[in-house]
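Visitor: Let me begin by handing over the structure; questions about it come next.
Readers should treat all values here as calculations from the given coordinates under stated rules, not as data from a laboratory. These figures come from a predicted structure and were not determined experimentally. Because the Cβ atoms are built from the backbone with ideal geometry, glycine has one as well, and the counts that use them run over all protein chains shown.
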Amino acid sequence: MGSSNGEEVLSKDKRGIPLVIAGLPQAGKTTFVQRLITGKFNKPSATMGVNFETIKIGGIKFDVFDLGGHQTFRDTIWTNYIKMAYGFIFIIDSSDTDNFSLAKKEFWRCVDLKEEDEEFLILFICNKSDLTESESLETIINELELYKLSEKINASYYFIKTSMKTGENVNESLNWLQNNSQKIASNKRITPLMFSLTETNGLPIIELDRIGLKEDPSLISGFLSAINSFSQQLFKKNNSLQYFVSGAYKYVLTSNEEYIFSLIIPNNEQHEEARRILDLIQDYIRNVKNSTDLEGFLFDILKIDPSNYKITSAFK
């Protein structure tokens, strides 16, 4: 299994439904991933940072980000990955009652990272049901106040007791993910109206414009204003994300040391999905060799028909 410090995980091959696995150390997060891959129980070493796997469940491809559970990782890398994902699998050790309070704190922090208008999944797994000291599902729901999720109308959730060691209820967990993930993915699709890649000094590299879109003067003025504001305020802050709403449009921008990446979508679509796509593009651009490869990748990742777009390229 590949690992990362969290900065090199995204790549062009990650096109599945993004899910995060979170929880305290030794809860069984990586054991869960290994059981999905091998069908067997394997005792892994602790996750240092982020482990990534692409896993197919019932024909649906998932990009699974297994997050390290130690406080260092909870305080640093959890936020961005949870915000990016379509949902998260939170795993606790159902026999570790001493850490229920901390697990409760971290679980609700994960929930609060999702925006109020963002639909997302929560699979809450109470692992180690094979142990005699394992608490009941009812006790865990009460101790962690999981019943309060009923107030989150944007969350689809499921609680289950499992044993990664025996395989108890693992298939039931996967069935729930399979049955609920496609709807989320469908609702999160975005409509790219314009994509722009520029150098940080403002020089354009490539621009994709939906044909006829530039006839709307408010779009262009809003776009230029967003770029200008982003460049002035966040020029030296790599991987920062900003989004601006102007009229019917939402402008989503991020950057690295060399480039500014921007995407325009309708203002009723989710900027977090646009951010995930920009992250993938940002990762891919590091190794791109020519304009043909770049254009092909953009058409693929943005899921657009190039015949509907005007392409302006200054790629060298």
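Visitor: Among the residues of region 256-264, are any polar (S, T, N, Q) and over 23 Å from the mean Cα position of the chain (by Cα)?
Guide: no
Visitor: Within region 33-47, identify whether any single residue is under 16 Å from the mean Cα position of the chain (by Cα) and surrounded by fewer than 16 Cβ atoms within 10 Å (Cβ to Cβ), and answer yes or no.
Guide: no
Visitor: Of all residues in region 129-142, which are crowded, with 18+ Cβ neighbours inside 10 Å and either of a type in the set (A, V, I, L, M) or more than 12 Å from residue 169 (Cβ to Cβ) (or both)?
Guide: 134, 135, 140
Visitor: What number goes with the only condition from (1) more than 23 Å from the chain's Cα centre (by Cα); (2) β-branched (Val, Ile, Thr); (3) closer than 30 Å to residue 183 by Cβ that residue 139 does not pass?
Guide: (3)
Visitor: Looking only at region 276-287, decide whether some residue is over 15 Å from the mean Cα position of the chain (by Cα), surrounded by 15 or more Cβ atoms within 10 Å (Cβ to Cβ) and touching a residue at least 60 places away in the same chain (Cβ under 8 Å).
Guide: Within region 276-287 (the criterion being over 15 Å from the mean Cα position of the chain (by Cα), surrounded by 15 or more Cβ atoms within 10 Å (Cβ to Cβ) and touching a residue at least 60 places away in the same chain (Cβ under 8 Å)), the answer is yes, since at least one residue qualifies.
Visitor: Also, quick follow-up: Are there any pairs with C-beta distances below 8 angstrom linking a residue in region 240-262 that is among the acidic types (Asp, Glu) to a residue that is surrounded by fewer than 19 Cβ atoms within 10 Å (Cβ to Cβ), with the two at least 6 apart or on different chains, and if so which?
Guide: 257/200; 257/238; 258/199; 258/200
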